[in-house]
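I have placed the structure first, in the form of structure tokens, so that the comments after it can refer back to it.
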Amino acid sequence: MDKFFVYEMQTLLRAFIAVSAILIGLGVKDGGSEGETPAQFLERYERETLPRWNMVAEAAWQQKTNITDENTAAFGKASLELAKFSQKNEKQALVFLKNNSLQLTFDQRRQLTKIADIGTSAQTNKTKLKRLQTVISEMEQIYSKAEVCMNPSGDCLKLEPGLAELMRSSRDCQNLSDAWRGWRDQSGKKMKDLYQEYVQLSNEAVQILGHNDLGDYWKSLYDTSTFEEDVAVLFDQLLPLYQHLHSYVRRKLKEQYGPEIFPSTGHIPAHLLGNMWSQQWNNIADLVNPFKNKQLMDVTEEMKRQGYTTKKMFQTAEDFFYSLGLDNMTQIFWEKSMLERPEGREVVCHPSAWDMKKQDDFRIKMCTTINHEDLMTVHHEMGHIHYFMQYENQSFTYRSGANPAFHEAVGDTIALSVQTPSHLKSIGLLKVGDEQDKEKMAFMPFGYLIDQWRWSVFRGDTPPEQYNNEWWHLRCRLQGISPAVKRGADDFDPAATNHVVANFAYIQYFVSFVLQFQFYKAACVAAGYTGPLYKCDFYNNKAAGEKFKSMLQLGSSLPWPEAMERMTGQRHMDAGPLVEYFEPLLDFLRKENGDDYGWEEKCPENPPPCNARTIKLDTSLWTVSFRASGRLGLRIFD
Ligand code: X8Z
Ligand code: ZN
């Protein structure tokens, strides 16, 4: 449940499991099948599960790194076979759990509960089950194969690297707007019907198990009945910081593009933030840097100058983890990972980390580009691998994160240390500079709103005809972002994002962005660091490494507050360390902004076009010429 393919597989496979049991007609007697005790059952489960999961993982890897009909069919078939096996075990686990005369230990009960937790697999109708798999696979293929043909160059670009690079580096409003619109036309817009079907099929499946809807099932992974409220509280705590960052960036962007293309509602047009989804803003650092004479905290150019390869980026990350006393990547990792987009075949490019459930077989799949952002993503992905390696000796059911957000937070915690100016200088990627990373703050509303939208869709509060309106309602209200161009009835922008298409929850990233500062602070304290939090680099510190290990080795064998306590001494999510980290930034932004911050709740009716500026200029010229001839006053071009 903690990383990419596991999510996909578990949701999909669970969808297969229930039906298989019906088909094979299991004859399970009360008290356990064939006289097995719970302990014997768990032991056998352990022995038999790994090779089967490994087989499906291989089929999934083949499919994601070479999307063909044949590989898609092979993956489907392998999933079905695993499903049969898993269903049998799920049934048996339930029998044990329901038998009150058995004295189950805490550990046995926990393992059996996990084995019985079948999620969307509860669907008993085989046709519907297969359809769900097909629908997700079709959406993913549309997304992976989509291309936008740009005018006037005529080049047709995929998302990675072409469109992502354009959004990163172009400073031409029209070009950015065309790419933004084009991507949505070629991806999300083509999936509205499929998505509707997906919502219906997944909900129906988890309802059989007693969940209200798929969103409820996803939330259940956090083991707390107040999860939705808990994240809302965190969001409210962070909102003022985001509002100030937003306002500051808006002002800088107005200087760059002219105020005319900004709506009067205070929103920032979504195509101007250096990222296809306006989710992270690091790529416009050059436009918003307050210190013109300082080197940017972006090591892209320096990596290029030094001839970095993608392999070198991964080795750089590997070295940091190793310095903490964690393991190096395995030989199989280097042999089998896909670290660049291959030529001549379609692949799913979105980065993911893979636990193949076989000794030493851990892999990363990523279409890496040599730039700062990807260097950080490499650390993120390698964090997943280290989690896999640390809990490898746990029993199969515990080989996952304490909760999904823990898995997302590991590599990011490391990246916080890597991102410090002192560390980047020490590895020769930065010469001068003492700036603070702001990107994490930019992400918060985006990380929060994707699943606000999905929870509402799964709950049925947002019907299909409102899908896109509600999406923009959230984007405008929570993120302060408005569409680059007016949206129409056919648009379906949520499905222009990877995780919505891939049936992969998102709230774990929001939670992870809180947790990682808790982990970061704990590592810094363990390392004996006492300065301002945002400058802490715990490179080479074995005590910090030990803290990590104590948390990671647990996997999901204990409830997540226990895991958190090992690392941080705390048992709850706490935005305190995040707020502490950003305190200097907030002070700076408050002074810069004064009272000028915030935006209206509602989206602008008509987003101003890129040529609003030209029109304005033309008017001015026209007016000036009138003025020059003494016939018209100044007011016309206020
Ligand atoms: O999807 C990812 C990782 C893979 S688990 C690269 N992230 C989110 C995204 O790209 O949307 C990391 C941060 C947010
Ligand atoms: Zn991740």
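The values are calculated or read from the model by the stated rules, or taken from the named source; none is laboratory data. Every value quoted in this text rests on a predicted model; they were computed, and no experiment measured them. Using ideal geometry, Cβ is built from the backbone for each residue, glycine included, and neighbour counts are taken over all protein chains shown.
Is it true that some residue in segment 613-624 is at pLDDT 55 or above, crowded, with 16+ Cβ neighbours inside 10 Å, aliphatic (A, V, I, L, M) and under 24 Å from Gln174 (Cα atoms)?
Checking segment 613-624: not a single residue is at pLDDT 55 or above, crowded, with 16+ Cβ neighbours inside 10 Å, aliphatic (A, V, I, L, M) and under 24 Å from Gln174 (Cα atoms).
Report whether or not Thr105 is modelled with pLDDT of 95 or more and more than 27 Å from the chain's Cα centre (by Cα).
On the way: modelled with pLDDT of 95 or more: yes; more than 27 Å from the chain's Cα centre (by Cα): yes.
It is true that Thr105 is modelled with pLDDT of 95 or more and more than 27 Å from the chain's Cα centre (by Cα).
For every residue, the table says whether it meets (1) within 16 Å of ligand 2 (Cβ to nearest atom); (2) more than 20 Å from Lys189 (Cα to Cα); (3) of a type in the set (Lys, Arg).
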residue: Leu416; (1), (2), (3): yes, yes, no
residue: Ser426; (1), (2), (3): no, yes, no
residue: Lys440; (1), (2), (3): yes, yes, yes
residue: Met444; (1), (2), (3): no, yes, no
residue: Thr462; (1), (2), (3): no, no, no
residue: Gln466; (1), (2), (3): no, no, no
residue: Gln479; (1), (2), (3): no, yes, no
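For Phe504, only one of the following conditions fails: (1) over 24 Å from the mean Cα position of the chain (by Cα); (2) closer than 30 Å to Val148 by Cα. What is its number?
(1)
Do you know which residues across segment 367-399 are among the hydroxyl-bearing types (Ser, Thr, Tyr), under 30 Å from Glu48 (Cβ atoms) and either more than 13 Å from ligand 2 (Cβ to nearest atom) or modelled with pLDDT under 95 (or both)? Break it down stepwise before answering.
Taking segment 367-399 first, the residues among the hydroxyl-bearing types (Ser, Thr, Tyr) are 368-369, 377, 387, 391, 395, 397-398.
Pick out the ones that are also under 30 Å from Glu48 (Cβ atoms) and you get 387, 391, 395, 397-398.
Answer for segment 367-399, where residues must be among the hydroxyl-bearing types (Ser, Thr, Tyr), under 30 Å from Glu48 (Cβ atoms) and either more than 13 Å from ligand 2 (Cβ to nearest atom) or modelled with pLDDT under 95 (or both): Tyr391, Ser395, Thr397, Tyr398.
Quick one: count up the residues across segment 530-554 that are touching a residue at least 40 places away in the same chain (Cβ under 8 Å), under 23 Å from Glu580 (Cα atoms) and outside any helix (DSSP H, G or I).
6
Between Ile427, Ile481, which is of a type outside the set (Asp, Glu), buried (at least 21 other Cβ atoms within 10 Å of the Cβ) and touching a Ser or Thr at 6+ places or on another chain (Cβ under 7 Å)?
Numbers: Ile427 fails: buried (at least 21 other Cβ atoms within 10 Å of the Cβ).
Of Ile427, Ile481, the one residue that is of a type outside the set (Asp, Glu), buried (at least 21 other Cβ atoms within 10 Å of the Cβ) and touching a Ser or Thr at 6+ places or on another chain (Cβ under 7 Å) is Ile481.
Among the residues of segment 524-541, is there at least one that is closer than 25 Å to Glu229 by Cα and away from ligand 2 (no atom under 16 Å from the Cβ)? Can you show your working first?
Taking segment 524-541 as the starting set, the residues that turn out to be closer than 25 Å to Glu229 by Cα are none.
Looking for residues that are closer than 25 Å to Glu229 by Cα and away from ligand 2 (no atom under 16 Å from the Cβ), one finds none in segment 524-541, hence no.
I'd like to know if segment 400-413 contains one or more residues that are assigned to a helix (DSSP H, G or I), over 20 Å from Ile507 (Cα atoms) and of a type outside the set (Lys, Arg).
Just the residues of segment 400-413 that are assigned to a helix (DSSP H, G or I), to begin with: 404-413.
Within this subset, residues satisfying the condition of being over 20 Å from Ile507 (Cα atoms) are none.
Within segment 400-413 (the criterion being assigned to a helix (DSSP H, G or I), over 20 Å from Ile507 (Cα atoms) and of a type outside the set (Lys, Arg)), the answer is no, since none of the residues qualifies.
Output the residues belonging to segment 459-472 that are in contact (Cβ under 8 Å) with a residue 40 or more places away in the chain and either surrounded by 22 or more Cβ atoms within 10 Å (Cβ to Cβ) or under 19 Å from Gly488 (Cβ atoms) (or both). Outline the logic, then answer.
Kept after step one, since they are in contact (Cβ under 8 Å) with a residue 40 or more places away in the chain, are these residues of segment 459-472: 459-460, 464, 467, 472.
Pro464, Tyr467, Trp472 - these are the residues of segment 459-472 that are in contact (Cβ under 8 Å) with a residue 40 or more places away in the chain and either surrounded by 22 or more Cβ atoms within 10 Å (Cβ to Cβ) or under 19 Å from Gly488 (Cβ atoms) (or both).
How about segment 261-284: which of its residues are among the hydrophobic types (A, V, I, L, M, F, W, C), touching a Ser or Thr at 6+ places or on another chain (Cβ under 7 Å) and either within 16 Å of ligand 2 (Cβ to nearest atom) or in a loop (DSSP other than H, G, I, E, B) (or both)?
If the condition is that a residue be among the hydrophobic types (A, V, I, L, M, F, W, C), touching a Ser or Thr at 6+ places or on another chain (Cβ under 7 Å) and either within 16 Å of ligand 2 (Cβ to nearest atom) or in a loop (DSSP other than H, G, I, E, B) (or both), then Trp277 is the only one that fits.
For (1) on the phi > 0 side of the Ramachandran plot; (2) of a type in the set (Phe, Trp, Tyr); (3) within 16 Å of ligand 2 (Cβ to nearest atom), each residue gets a yes or a no:
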residue: Thr330; (1), (2), (3): no, no, no
residue: Glu335; (1), (2), (3): no, no, no
residue: Trp354; (1), (2), (3): no, yes, yes
residue: Lys357; (1), (2), (3): yes, no, no
residue: Asp360; (1), (2), (3): yes, no, no
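Give all pairs with beta carbons closer than 9 Å in which a residue from segment 39-55 that is touching a residue at least 40 places away in the same chain (Cβ under 8 Å) meets a residue that is part of a helix (DSSP H, G or I) and exposed (fewer than 13 other Cβ atoms within 10 Å of the Cβ); count only pairs at least 6 apart in sequence or on separate chains.
none
Of (1) within 16 Å of ligand 1 (Cβ to nearest atom); (2) β-branched (Val, Ile, Thr); (3) closer than 30 Å to Asn212 by Cβ, Val457 satisfies all except one. Which?
(1)
For Asn371, are the conditions met, namely being at negative phi, surrounded by 23 or more Cβ atoms within 10 Å (Cβ to Cβ) and among the polar types (S, T, N, Q)? Quick ask: steps written out before the conclusion?
On the way: at negative phi: yes; surrounded by 23 or more Cβ atoms within 10 Å (Cβ to Cβ): yes; among the polar types (S, T, N, Q): yes.
Yes, satisfied.
Restricting attention to segment 448-458, does a residue exist that is crowded, with 18+ Cβ neighbours inside 10 Å, within 16 Å of ligand 2 (Cβ to nearest atom) and not in a loop (DSSP other than H, G, I, E, B)?
yes
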